[in-house]
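Chemist: Just dropping this structure here.
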């Protein structure tokens, strides 16, 4: 099992208001934020103001506090909103790395709970046949395949899970592989699920937010 986190993962947030200017947070960093203002990219550090009037009050890798027309807004992961500013709901899951250097959590697979770990090194969500049976997955109706594991090649079945949910983040029709036997000992939450979320790691804390299209 591998865990590889990209070094510069970006969160995206979109906000608009009565003026024609559109502001998009393209990057969140410690004490700085990268904005796109009417299509123009601008990096602001804490306390700096853009020519359009947007002032960055403070920024962390999780959020930016901006001041616009005398009003302060907290920008995280948002949808595009209408002409009048309206904060969109933010769904966030925050995980802390454990003593085994894992981001481990409880997820729901097809409505049933199971332990899982974040694994960006896995191209697809993976679980053992023993776990699949416990979750009520008729995995042998899937497509037979061969899977490379740490101990060699193993027989497996490609399946599609109806829904995988982590906290309030739910993804439907997730591709997965079921490996015959007892490996892996915990569900590996691979990229077939993670491609639907934004990931951001800071000080051994991983923040996941839905990726809106």
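A short reminder: the numbers here are calculations on the coordinates, not readings from a lab. The structure presented is a predicted model; accordingly, all values stated were derived computationally and were not measured. A quick note on method: Cβ atoms are made from the backbone with ideal geometry, for glycine too, and the neighbour counts reach across all protein chains shown.
Chemist: Count the DSSP beta bridges whose two residues both fall in the stretch 95-210, then state the antiparallel fraction as a percent rounded to the nearest 5.
Modeler: In the stretch 95-210, approximately 85 percent of DSSP beta bridges are antiparallel ones.
Chemist: How would 207, 60 line up from fewest to most surrounding beta-carbon atoms within 10 angstrom?
Modeler: The order, fewest Cβ neighbours first, is 60, 207.
Chemist: Could you give the nm distance between label points at residue 143 and residue 32, where each point is 7 Å from its Cα heading toward the beta carbon?
Modeler: 4.4
Chemist: How do 62, 127 rank when sorted from fewest to most other Cβ atoms within 10 Å of their own Cβ?
Modeler: 62, 127
Chemist: Taking the number of other C-beta atoms within 10 Å as the exposure measure, put 40, 104 in order starting with the fewest.
Modeler: 40, 104
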